[in-house]
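Chemist: Starting off with a structure, shown below.
Nothing in this text is a laboratory measurement; each read-out follows from the coordinates by a stated rule. In this text the structure is predicted, and so the values were computed from the model without any measurement. Don't worry about glycine lacking a Cβ; one is built from the backbone with ideal geometry, like all the others, and counts go over all protein chains shown.
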Amino acid sequence: MRTQVVIVGAGPAGLLLGRLLEQRGIETLILERRSAEYVLGRIRAGVLEHGTRGLLNAAGVGARMEQEGLPHDGVALCFDGEQHRFDFHDLVGREVMVYGQTEVTRDLMDARAASGAATVYEAEDVAPRDFDGDRPRVSYRKDGVTHEVACDFIAGCDGFHGVCRQSPPASAVSSFERVYPFGWLGVLVDQPPVSPELIYANHARGFALCSMRSPTRSRYYLQCDAGTNVNTWSDERFWDELRRRLPSAAADALRTGPSLEKSIAPLRSFVAEPLRFGRLFLAGDAAHIVPPTGAKGLNLAVSDVAYLAEAFGEYYAERSEAGIDAYSARALRRVWKAERFSWWMTTMLHRFPEASAFDRRMQRAEFDYLSGSRAASQAMAENYTGLPM
Ligand code: APR
Ligand code: PHB
């Protein structure tokens with residue numbers, strides 16, 4: 001078989017790349033290891049930057065987002081019970097859209113199914129080959145039969161644990177990593193959110209986050225020790241601990257219930273360089289991971305594939321390699337800025353086991369400066385709502 005671009009992975013990065021290339025008349029084949037139901041079953045974050053919202057609309061997959069999503073023009077940060085609101089409209093004239101990543105993925109899957117573009121779910125042993133030459137190909141097994149696809153380019157959108165970043169020689173890939181000494185215990189509940197906007201709280205007992213998926217479904221997170229066993233956290237214990245870490249008004253307003261989903265996510269910052277190996281390109285979690293504190297994971301995957309689609313578009317329309325040659329450096333410039341913001345939010349808002357009394361004072365001073373300075377608040381709002389693509 002032959003196609004122009006083989007995309008490995010049907011997460012938001014792979015599906016959106018497929019959509020953007022389709023709009024440019026470029027043929028793609030998506031190979032996904034799991035079933036579509038499994039991919040849609042993952043509970044992921046849901047804060048879309050200004051630019052991400054615009055791109056999903058331009059890709060023709062934003063209608064349900066605009067109908068069901070919740071535009072937010074502010075966010076609250078708390079320190080030891082003292083709350084400060086950042087008014088995005090006033091500070092930077094923009095807003096974010098609260099709309100679950102699962103819903104974004106569903107909208108992209110539906111659009112792809114409707115267009116009839118080729119997707120193979122439950123594709124096993126996907127293996128990118130010969131991408132250091134000009135005749136790359138990808139082999140995979142489906143229902144016990146081995147297939148091979150010839151193509152011009154391979155897009156590795158297969159996440160952190162995927163095969164694509166493992167495919168170039170190890171010496172060709174540089175990795176930069178910070179693993180944080182704690183995780184996030186998340187709970188999904190069918191109760192109205194405690195607040196119309198997100199609340200990020202730094203408390204002596206640890207970090208807490210109040211988020212939502214809709215006016216009737218909420219998502220809450222607690223900082224927990226790395227290696228915590230989720231079974232040691234009953235719903236009751238979770239709600240008790242959350243109340244302790246929230247400002248009193250929010251604690252009193254909190255509506256609890258049985259958890260629909262409860263899981264623990266480790267926190268890490270990770271970047272692989274470069275993002276191109278001949279005719280193999282990496283995008284999204286295959287290339288980088290951010291701690292969720294800045295809500296940048298999905299938004300970075302979106303900017304990566306926006307740049308990659310532009311580059312492939314230029315190649316097929318003008319036979320120009322300028323875009324594909326510039327892709328890695330261009331995407332990494334935005335990735336590192338988002339890594340910086342996510343690391344900064346994580347460092348300011350979490351309780352570090354090894355922190356000294358001086359470190360704690362530094363966190364406090366960071367919060368006081370941030371909430372007391374318009375310039376600092378604008379910088380925070382600019383990063384949170386999304387740096388230019
Ligand atoms: N072969 C085929 N598919 C694979 C393989 C493989 N060897 N390995 C992984 N995959 C698939 C996974 O099953 C998954 O559906 O690649 C997809 C990668 O999707 P994501 O992990 O969602 O990554 P990405 O599309 O880059 O989206 C990044 O996801 O984790 C969040 O916070 C992150 O929001 C960010 C977003
Ligand atoms: C979420 O809604 O799951 C969420 C929101 C903001 C974050 C992280 C997660 O920073």
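Chemist: When the residues of the stretch 326-381 are narrowed to those that are of a type in the set (F, W, Y) and surrounded by fewer than 20 Cβ atoms within 10 Å (Cβ to Cβ), which ends up farthest from F79 (Cα to Cα)?
Modeler: W336
Chemist: Okay, next question. What's the number of the condition G54 fails, among (1) small (G, A, S); (2) assigned to a helix (DSSP H, G or I); (3) within 16 Å of ligand 1 (Cβ to nearest atom)?
Modeler: Every condition holds for G54 apart from (3).
Chemist: May I ask you to say which residue of C151, C224, C157 is touching a helix residue (DSSP H, G or I) at 6+ places or on another chain (Cβ under 7 Å) and buried (at least 20 other Cβ atoms within 10 Å of the Cβ)?
Modeler: Numbers: C151 fails: touching a helix residue (DSSP H, G or I) at 6+ places or on another chain (Cβ under 7 Å); C224 fails: touching a helix residue (DSSP H, G or I) at 6+ places or on another chain (Cβ under 7 Å).
One residue alone meets the criteria, C157.
Chemist: Could you check the stretch 202-217 and list, in sequence order, the residues that are away from ligand 2 (no atom under 12 Å from the Cβ) and either in contact (Cβ under 8 Å) with a residue 40 or more places away in the chain or acidic (D, E) (or both)?
Modeler: Residues satisfying the conditions are N202, H203, A204, R205, G206, P215.
Chemist: Could you list, in sequence order, all residues of the stretch 85-122 that are of a type in the set (G, A, S) and buried (at least 21 other Cβ atoms within 10 Å of the Cβ)? Talk me through it step by step, then tell me what you get.
Modeler: We begin by selecting, within the stretch 85-122, every residue of a type in the set (G, A, S); these are 93, 100, 111, 113-118.
Residue satisfying the conditions is G100 alone.
Chemist: Within the stretch 130-169, can you find the residues that are under 25 Å from the mean Cα position of the chain (by Cα) and hydrophobic (A, V, I, L, M, F, W, C)?
Modeler: Residues satisfying the conditions are F153, I154, A155, C157, F160, V163, C164.
Chemist: Looking at the stretch 263-312, which of its residues are under 17 Å from the mean Cα position of the chain (by Cα) and on the phi > 0 side of the Ramachandran plot?
Modeler: Scanning the stretch 263-312 gives G284, A295.
Chemist: Can you say whether G162 is over 27 Å from E32 (Cα atoms), among the small types (G, A, S) and not in a helix (DSSP H, G or I), as far as the supplied structure shows? Reasoning before the result, please.
Modeler: On the way: over 27 Å from E32 (Cα atoms): no; among the small types (G, A, S): yes; not in a helix (DSSP H, G or I): yes.
So G162 fails the test.
Residues are listed down the side, and each one gets a yes or a no for (1) among the acidic types (D, E); (2) in a helix (DSSP H, G or I); (3) within 16 Å of ligand 2 (Cβ to nearest atom); (4) surrounded by fewer than 20 Cβ atoms within 10 Å (Cβ to Cβ):
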site: A265; (1), (2), (3), (4): no, no, yes, yes
site: F270; (1), (2), (3), (4): no, no, no, yes
site: F281; (1), (2), (3), (4): no, no, no, no
site: D285; (1), (2), (3), (4): yes, yes, yes, no
site: A301; (1), (2), (3), (4): no, yes, yes, no
site: D304; (1), (2), (3), (4): yes, yes, no, no
site: L308; (1), (2), (3), (4): no, yes, no, no
site: A311; (1), (2), (3), (4): no, yes, no, no
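Chemist: Let me confirm something: among S171, S218, S175, which residue is surrounded by fewer than 14 Cβ atoms within 10 Å (Cβ to Cβ), away from ligand 1 (no atom under 16 Å from the Cβ) and part of a strand (DSSP E or B)? Full working, then the answer.
Modeler: Numbers: S171 fails: part of a strand (DSSP E or B); S218 fails: surrounded by fewer than 14 Cβ atoms within 10 Å (Cβ to Cβ).
Unique residue meeting the criteria: S175.
Chemist: Separate question: Just name the residue that is nearest to ligand 1 (Cβ to nearest atom) out of those in the stretch 12-46 that are farther than 28 Å from Y316 by Cα and not in a loop (DSSP other than H, G, I, E, B).
Modeler: V39
Chemist: So P181 fits all but one of (1) within 16 Å of ligand 1 (Cβ to nearest atom); (2) assigned to a strand (DSSP E or B); (3) out of contact with any Gly (no Cβ under 7 Å at 6 or more places or on another chain); what number is the exception?
Modeler: (1)
Chemist: Restricting the search to the stretch 354-367, which residues are among the charged types (D, E, K, R) and free of Cβ contacts under 8 Å to residues at least 40 places away in the same chain? Lay out the reasoning, then the answer.
Modeler: As a first pass, look at the stretch 354-367 and keep what is among the charged types (D, E, K, R): 354, 359-361, 364, 366.
Listed by number, the residues that qualify are D359, R360, R361, E366.
Chemist: Now, a different point. Just a yes or no: is a residue in the stretch 80-93 assigned to a helix (DSSP H, G or I) and without any contact (Cβ under 8 Å) to a residue 60 or more places away in the chain?
Modeler: yes
Chemist: Among the numbered criteria (1) more than 19 Å from G284 (Cα to Cα); (2) within 16 Å of ligand 2 (Cβ to nearest atom); (3) touching a helix residue (DSSP H, G or I) at 6+ places or on another chain (Cβ under 9 Å); (4) touching a residue at least 40 places away in the same chain (Cβ under 8 Å), which single criterion is violated by L70?
Modeler: Failed condition: (3).
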